[in-house]
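Trainee: My questions will all concern the structure given below.
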Amino acid sequence: MDPDTLESRLLSLLTSVAPDIEPQNLDPARALREQVDFDSMDTLHFAAAVSKTFGIDIAETEYARLASLRAAEAFVRERLAAKG
């Protein structure tokens, strides 16, 4: 999956979980919690949406790997590559 498509899909998932997020204002490298009101329940819902959308398992201990948009992209790419 090309980087632009992956970023777009992740942004779509983020805004479905937290509709008040304005994607154009996000710094992709900065933690979501530092930029917007993104709490632990939002993180749980985002992880579940990422898991379902991309067909990957995400353990609760790995939620920190979804802390920023760039981190989430790297995590998803890694998991998709491992799936083959």
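Trainee: What number of residues within the stretch 33-56 are surrounded by 14 or more Cβ atoms within 10 Å (Cβ to Cβ) and either basic (Lys, Arg) or touching a strand residue (DSSP E or B) at 6+ places or on another chain (Cβ under 9 Å) (or both)?
Mentor: Summing the residues that are surrounded by 14 or more Cβ atoms within 10 Å (Cβ to Cβ) and either basic (Lys, Arg) or touching a strand residue (DSSP E or B) at 6+ places or on another chain (Cβ under 9 Å) (or both) in the stretch 33-56 gives 1.
Trainee: Might you let me know whether the stretch 7-16 holds any residue that is surrounded by fewer than 18 Cβ atoms within 10 Å (Cβ to Cβ), in contact with a Ser or Thr (Cβ under 7 Å, 6 or more places away or on another chain) and closer than 19 Å to Lys83 by Cα?
Mentor: yes
Trainee: Only helices (runs of 4 or more DSSP H) wholly contained in the chain count here; list those with 2 or more residues that are in contact (Cβ under 8 Å) with a residue 60 or more places away in the chain. Outline the logic, then answer.
Mentor: On the way: elements: 3-17, 32-35, 40-54, 69-83.
The helices (runs of 4 or more DSSP H) meeting that bar are 3-17, 69-83.
Values in this text are rule-based calculations from the coordinates and carry no lab data. Just so it is clear, the model here is predicted, and its values are computed rather than measured. We place every Cβ from the backbone using ideal geometry, glycine too, and count neighbours over all the protein chains shown.
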